[in-house]
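In what follows, a structure is listed as structure tokens, so that the remarks can point back to it.
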Amino acid sequence: MKDLILNPDKFFKDILTKVSFVYLIEMTVALIIQLISILTNTLYADGGYIIKLMDIMVSLWAMLLFAKGIQYNYKLAFKKSLVIPFLIFLLNLLSSIADYINIY
């Protein structure tokens, strides 16, 4: 907390570092699941659902982490600090499920 008051930019860099490592791990696990699905040809549907669920969970975690950083940095209420991260989460969610939506 003391580091945040003295240097808020370092705090957001730390948040970005944590989020990027978690996304990297999530993408690696998703790649492994897809490779197993392709090689065995049995887990393809379930693997897709697991990957989407992992993506949603990591996105929610990142949204809450960024909202907490915005709350501390700009001295806002937590509900107000959720606005921008929630919009980014919605955009990420819509882009991740756009594969399943067919508009003719």
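The values are calculated or read from the model by the stated rules, or taken from the named source; none is laboratory data. Here the structure is a predicted model, which means the values were calculated and not measured. Because the Cβ atoms are built from the backbone with ideal geometry, glycine has one as well, and the counts that use them run over all protein chains shown.
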Can you tell me which residues in the stretch 17-41 are surrounded by fewer than 11 Cβ atoms within 10 Å (Cβ to Cβ) and over 26 Å from TRP61 (Cα atoms)? LEU39, THR40, ASN41
Checking LEU53, LEU39 in turn, the sole residue that is in a helix (DSSP H, G or I), closer than 22 Å to ILE97 by Cβ and among the hydrophobic types (A, V, I, L, M, F, W, C) turns out to be LEU53
In the list ALA45, ALA77, ALA67, which residue meets the criterion of being touching a Phe, Trp or Tyr at 6+ places or on another chain (Cβ under 8 Å) and either more than 19 Å from ASP14 (Cβ to Cβ) or modelled with pLDDT of 75 or more (or both)? ALA67
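So that you can scan it fast, the table gives a plain yes or no per residue for (1) part of a helix (DSSP H, G or I); (2) buried (at least 16 other Cβ atoms within 10 Å of the Cβ); (3) in contact with a helix residue (DSSP H, G or I) (Cβ under 7 Å, 6 or more places away or on another chain):
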site: MET63; (1), (2), (3): yes, yes, yes
site: GLN71; (1), (2), (3): yes, yes, yes
site: LEU76; (1), (2), (3): no, no, yes
site: LYS79; (1), (2), (3): yes, no, no
Qualifying residues in the stretch 9-32 (those that are of a type outside the set (D, E, K, R) and over 24 Å from LEU91 (Cα atoms)) - the one modelled with the lowest pLDDT: PHE11
